[in-house]
Amino acid sequence: MSPSAALASDIFRFFALLTTTLLVIGGGTIAIVRFRFKKNAAHAWDSYRGWLVMVPIIGVSLFAGRVVTICFFAIIAVIAFTEYARATGLHRDLTMTFVSLAGIVGITVVALLRDPATGAAGWYGLFMTAPVFVSAALVLASILRNRPE
């Protein structure tokens, strides 16, 4: 999808209208709780501000097209996994970390490729089976790392 196709898409326009409406309603609700009922809404406002940043960024990536959206979510997945690995101590096991990151990159590449059988965007069959291969690689790496000498 390109930006012109996004503007012509009923689904994209519905997404834009829905998310904008929900953000306005959410902000209005927090304002009512804060000013009308004189309640402390600082925690809700902190969460809401995050959504005010995330929703437009995701909307722009969807508006920019298929390739940009796939790459955007791949970058988010790499950042999220890296943070998860750091938080859990998995980053000390470089084999598992790199196999997982390679799996994210591999699935991204498969999503970007064309299906050789049909020519359709995205190699759906391989995309659906890639997690099985990544899981098998993780199990194999674990077995090889923990085998007795």
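A Förster distance of 30 Å, applied to the separation of the beta-carbon atoms of residue 117 and residue 21, puts the FRET efficiency at 0.15.
The peptide list 68-81, 38-51, put in order of mean Cβ contacts within 10 Å with the highest first, becomes 68-81, 38-51. Given their separation in residues at 0.36 nm each and the Cα-Cα distance between them, residue 36 and residue 78 gain 10.9 nm when the chain is fully extended. Where the accessible area of segment 1-93 is counted over protein heavy atoms with a 1.4 Å probe, how much of it, in %, is carbon and sulfur? Percent of accessible area from carbon and sulfur atoms in segment 1-93: 74. Is the shape of segment 36-149 rounded, prolate or oblate, going by the alpha carbon gyration tensor and its root eigenvalues a ≥ b ≥ c, with a/c under 1.5 for rounded and a/b larger than b/c for prolate? The shape class here is oblate.
What shape does segment 79-146 take by its C-alpha gyration tensor, where a ≥ b ≥ c are the square roots of the eigenvalues and a/c under 1.5 counts as rounded, a/b above b/c as prolate, and the rest as oblate? Because a/c hits 1.5 or more and a/b fails to exceed b/c, segment 79-146 counts as oblate. Considering only 134, 110, 33, the mean-square fluctuation computed in a Gaussian network model of the chain, springs between alpha carbons under 10 angstrom, is largest for 33.
I need the shape label for segment 46-93. Rule: rounded when a/c is under 1.5, else prolate if a/b > b/c, else oblate, with a, b, c from the alpha carbon gyration tensor. Note, shape of segment 46-93 comes out oblate. Taking every alpha-carbon pair under 8 Å whose residues sit at least 6 apart, the chain reaches a relative contact order of 17 percent.
The simple spin-label model puts a point 7 Å past each Cα toward its Cβ; for residue 98 and residue 129 those points are separated by 2.7 nm. Largest GNM mean-square fluctuation across 106, 65, 125, computed for the chain with C-alpha springs under 10 Å, falls on 125. Residues 35, 15 ordered from highest to lowest accessible area at a 1.4 Å probe: 35, 15. Helices in the chain, meaning DSSP H runs of at least 4 residues, each add -39500 (n - 2.57). Divided by all residues, the mean residue ellipticity at 222 nm is -26500 deg cm²/dmol. Reducing segment 1-49 and segment 108-149 to their Cα centroids gives an inter-centroid distance of 37 Å.
The values are calculated or read from the model by the stated rules, or taken from the named source; none is laboratory data. Quantities reported herein were computed from a predicted structural model and do not represent experimental measurements. Here the Cβ is made from the backbone with ideal geometry for all residues, glycine too, and neighbour counts use every protein chain on show. Please note that ligands, DNA and RNA were not included when accessible areas were found on the heavy atoms of the full protein model with its side chains. Shrake-Rupley method; radii C 1.70, N 1.55, O 1.52, S 1.80 Å.
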